[in-house]
Each structure stands twice: as C-alpha cells, then as structure tokens.
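Visitor: First, the structure itself, so that you have it in front of you.
Nothing in this text is a laboratory measurement; each read-out follows from the coordinates by a stated rule. From a predicted model like this one, the values you see are computed outputs, not experimental measurements. When we count neighbours, we look across all protein chains shown, and the Cβ atoms used for this are built from the backbone with ideal geometry, even at glycine.
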Amino acid sequence: MDRRSTLKVLAGLAGSWFARPAFAKGEKTVEQLQKNWRTLLADGADVASGTEPVKLSNEEWRKRLSPQAYDVLRKEGTERAGSSPLDREKRPGVFVCAGCRLPLFSSDMKFDSGTGWPSFFTTIPGAFGTSRDFKLIFPRTEYHCSRCGGHHGHIFDDGPEPTGLRYCNNGVALRFIPKTG
C-alpha cells in the first residue's frame, strides 16, 4: 500500500485526517485561489512586485537571515517538526518568502496536515521552481523560491483534494502578512 492509500484509510478511520475538507459546492476553485490571492494581501504590504532574481553573496544572506532561516533557505536544511508557529497560523493573509518577500501562498491554500510543518495544497503561480532530491535515497520533489532560489520544502502526493498535493514548507522560510482591516 502506498503512502497516499494509507493516509486515505487512516482518514476514513479517524473521521477527517485533514482540517480542510475537500472542496464543497460553492467553494472557490484552485484557479480562483491562484488568481485572487491579492484579496488576502494587507494594504501597503511590503512584498516583492516581480520575480527579478535576487543574487546575494553567502555573507549578505547571513546578514539578512536568521541562522535557522539561512540553514533552510541557503543550505537546504529542515527545521524541527512542530517548531514553527506558522503551522498553527489561521488568520487570513499571505505567506511570503523569508529571503526575498515574494508572495508564495495565501491562507486559503493552507491546511492542517498533522505533520508539524505549514502545509499548502497549491501555490501562487510562478512562485516556485522544482528539482529532484535524493538525500533520503528515494527521490523527492524539492521546491525553491523562483526569485531568490531559497529552499522551502518538498512536495508530496498525500494532500487533500482537489490537488492531492502537500507543499510541506519549513516555517522559518516563510513570513506571514496578515490581512488587516
């Protein structure tokens, strides 16, 4: 039995594995969420307006980032599960890259995966590039910020409908901008 099938069985036994159920009638589609994410962005929020590349030296990145964020974003590290308050963040808003402030996800794209890391079922279009990662022997899909190249996490196929994907993100690689007013 593969991981996705195992999780579906567990979900059926536990009632609901994910806090966010499958899309209900009348709920926004993935395409609508991807198109209208700016409605959750606070007025005057300091975010990157384009995807022009950010290229800094290692020393410049060290000055800009906390040691934990540097390890994750620049050295492809992983934070300890359950250590990020963003895993429990429930307010409306937008998640941006901690390295360059590129908008990556809206709060409507987030769900509680039970893994201890902030998880999302889709992204803002153009936010990420992907590559294959063999660090744990079996191949995984790793994703990086399309603007600064910072490592954010891995994509798994055990997320909720409608995409079935789980973007498992290191919280330290994100900044959350709550919608105000």
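Visitor: Based on the alpha carbons, how large is the Rg to Rh ratio for the range 67-181 when Rh follows Kirkwood?
Guide: Details: Rg = 13.0 Å, Rh = 14.0 Å.
With Rh from the inverse mean 1/r over Cα pairs, Rg/Rh is 0.93.
Visitor: In the structure shown, do any of Lys35/Lys90; Lys55/Lys75; Lys63/Lys179; Lys110/Lys179; Lys35/Lys135; Lys110/Lys135 have a Cα-Cα gap over 23 Å, and if so which?
Guide: Pairs exceeding the cut-off: Lys63/Lys179; Lys35/Lys135; Lys110/Lys135.
Visitor: If I model a spin label as a point 7 Å beyond the Cα along the Cα-Cβ vector, how far apart are those points for Ser83 and Thr51 in nm?
Guide: That separation, rounded to one decimal, is 3.0 nm.
Visitor: Whole-Hz Karplus ³J(HN,Hα) for the range 29-43, in order, using 6.51 cos²θ - 1.76 cosθ + 1.60 and θ = phi - 60°, x for Gly and Pro?
Guide: So the J values, rounded to whole Hz, are 7, 4, 4, 5, 4, 5, 7, 9, 4, 5, 5, 9, 8, 4, 4.
Visitor: Continuing with this model, one more query. Expressed as a whole number of Å, what is the distance separating the alpha-carbon centroids of the range 48-68 and the range 104-136?
Guide: The distance from the Cα centre of the range 104-136 to that of the range 48-68 comes to 20 Å.
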